[in-house]
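S.K.: One structure follows; several queries about it will come next.
The values are calculated or read from the model by the stated rules, or taken from the named source; none is laboratory data. On a predicted model such as this, the values are computed, not experimentally measured, just so you know. We place every Cβ from the backbone using ideal geometry, glycine too, and count neighbours over all the protein chains shown.
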Amino acid sequence: MPSDTRIHIDTDVCIGAGQCALAAPGVFTQDDDGFSALLPGREDGGADPMVKEAARACPVGAIKVSETVV
């Protein structure tokens, strides 16, 4: 069943550890201040299987991945 995946980064919580960018470099990067950011056009995470691992790797839980069945 297809699903709609959305990624949310809580910028108030992010400490810039960079674990997300290491785990899923095709989706996450770090902005000019060193905080987590999504690469342009990757708000849905695409089909990258590492998105959930990147969320789990965040030491402060700043990344949430939600899926809804469409």
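Here's the yes/no breakdown for (1) surrounded by fewer than 16 Cβ atoms within 10 Å (Cβ to Cβ); (2) not small (Gly, Ala, Ser):
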{"position": "Cys20", "(1), (2)": "no, yes"}
{"position": "Ala24", "(1), (2)": "no, no"}
{"position": "Asp31", "(1), (2)": "yes, yes"}
{"position": "Ser36", "(1), (2)": "no, no"}
{"position": "Pro40", "(1), (2)": "yes, yes"}
{"position": "Val60", "(1), (2)": "yes, yes"}
{"position": "Thr68", "(1), (2)": "yes, yes"}
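S.K.: Shifting gears a bit: Can you find even one residue in the range 10-19 that is outside any strand (DSSP E or B), at pLDDT below 95 and not acidic (Asp, Glu)?
M.R.: Yes, because at least one residue in the range 10-19 is outside any strand (DSSP E or B), at pLDDT below 95 and not acidic (Asp, Glu).
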